[in-house]
Amino acid sequence: MMIVYILLAILLLYILFIVIPAILIYNFAFGRKPCSAPLSERELIGTRYEPFIDILVPAEHFVQAQPSRWVSVFARDGVELRGRYFDNHSDKTMLFVHGYCGAPISNFCAQAERFYKQGWNLMFLVQRAHGESGGKRLGLGVLEQHDIPVWVDFCASMPGVEKIVVYGSSMGASAVGYASDALHEPKVKALVIDCGFVAPRNQLEHDGRIRHLPYPLLISVMRVLGKLDFHEDIYERVSDSLRKTGIPVLFLHGEADPTVDIAQGYENYNACASEKEFISVPGASHILAYVTGGEKVWNQTDAFINRFV
């Protein structure tokens, strides 16, 4: 009888200290999120953006000032997704996929200004369970991967568009990586994976280490919750998809990224089966490799994309 009591006590402790915290963290991590405010509406002094205020804020103003319209598509599960399309009357479109809680234009304002001036159409999607898009759950990339082909089809359907590049940042980069073997639209000429992580599991464990939480125990419960909730595996690795892609991929990563370690970028790069290039930027923080690298990285990015467009 004593053994039964001990087992029940262990079960109770497991529920109290592992299962319930895992459920709470899961609901927070995968629950609906607002998009961040535009950079021009934030206090940037003292943040990682401060050294680049004179580049980013004018670029954001430039992009916001261009003619655009809001558009909608429906995901395979029926969720309505919104996005903002900038028609530059071009045959090529840059499809931007923002990160966790990201502001779609702010995440890419330096890139978007440069590409728009080079004659590209711009498509800024709003990730599911963010901002203007529908959905109660996000998936840290594993769920969003199924939305990327829908947006690609939308871009491909625009009159005159013949060439598409998909550019993802952080969680958006991982979503693009997951989708890399499922993008069969021939108009997709290249992908850009900017500071993408390997799997949601990696980011959750990283967050757990910062907060001194027992994530090796919590993560297994969260994996079960994800499979039951949105039928995806948060252990699934981006590299598994990249091993099967035929689309050229440019990898971009900051060497001082505290959020997604550059080792994750290299793991994805090494797995990629298609033509590829890796640009590492010394001193660059999360999602800032492009702007930190300056003209050199801008030209490297242009050169890679122009090989295939």
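The values are calculated or read from the model by the stated rules, or taken from the named source; none is laboratory data. These numbers come from a predicted model, not from an experiment. Ideal geometry is used to build each Cβ from the backbone, glycine not excepted, and the neighbour counts take in all protein chains shown.
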Yes or no: CYS155 surrounded by 23 or more Cβ atoms within 10 Å (Cβ to Cβ) and at positive phi? no
Given the conditions (1) in contact with an Asp or Glu (Cβ under 6 Å, 6 or more places away or on another chain); (2) within 29 Å of VAL142 (Cα to Cα), and given that ALA29 satisfies all but one, which numbered condition is not satisfied? (1)
Kindly provide the set of residues from the stretch 140-172 that are out of contact with any helix residue (DSSP H, G or I) (no Cβ under 9 Å at 6 or more places or on another chain), part of a helix (DSSP H, G or I) and of a type outside the set (Gly, Ala, Ser), ordered by number. VAL150, TRP151, ASP153, PHE154, CYS155
In the list VAL97, VAL79, which residue meets the criterion of being among the β-branched types (Val, Ile, Thr) and closer than 26 Å to ASN299 by Cα? VAL97
Can you find a residue that is surrounded by 21 or more Cβ atoms within 10 Å (Cβ to Cβ) and in a helix (DSSP H, G or I) anywhere in the stretch 31-49? yes
Contacts under 7 angstrom Cβ, first residue in the stretch 248-268 being more than 15 Å from VAL297 (Cα to Cα), partner among the acidic types (Asp, Glu), 6 or more apart: PRO248/GLU275; ILE262/GLU255
Could you check the stretch 1-47 and list, in sequence order, the residues that are in contact (Cβ under 8 Å) with a residue 12 or more places away in the chain and β-branched (Val, Ile, Thr)? ILE18, VAL19, ILE23, ILE25
The condition of being under 17 Å from the mean Cα position of the chain (by Cα) and under 24 Å from ALA284 (Cα atoms) holds, among GLU232, GLU267, GLU255, only for GLU267
Of the residues in the stretch 67-112, how many are polar (S, T, N, Q) and under 18 Å from VAL165 (Cβ atoms)? 5
Name the helices (runs of 4 or more DSSP H) wholly within the stretch 202-280 that hold at least 1 residues that are at pLDDT below 95? 215-229
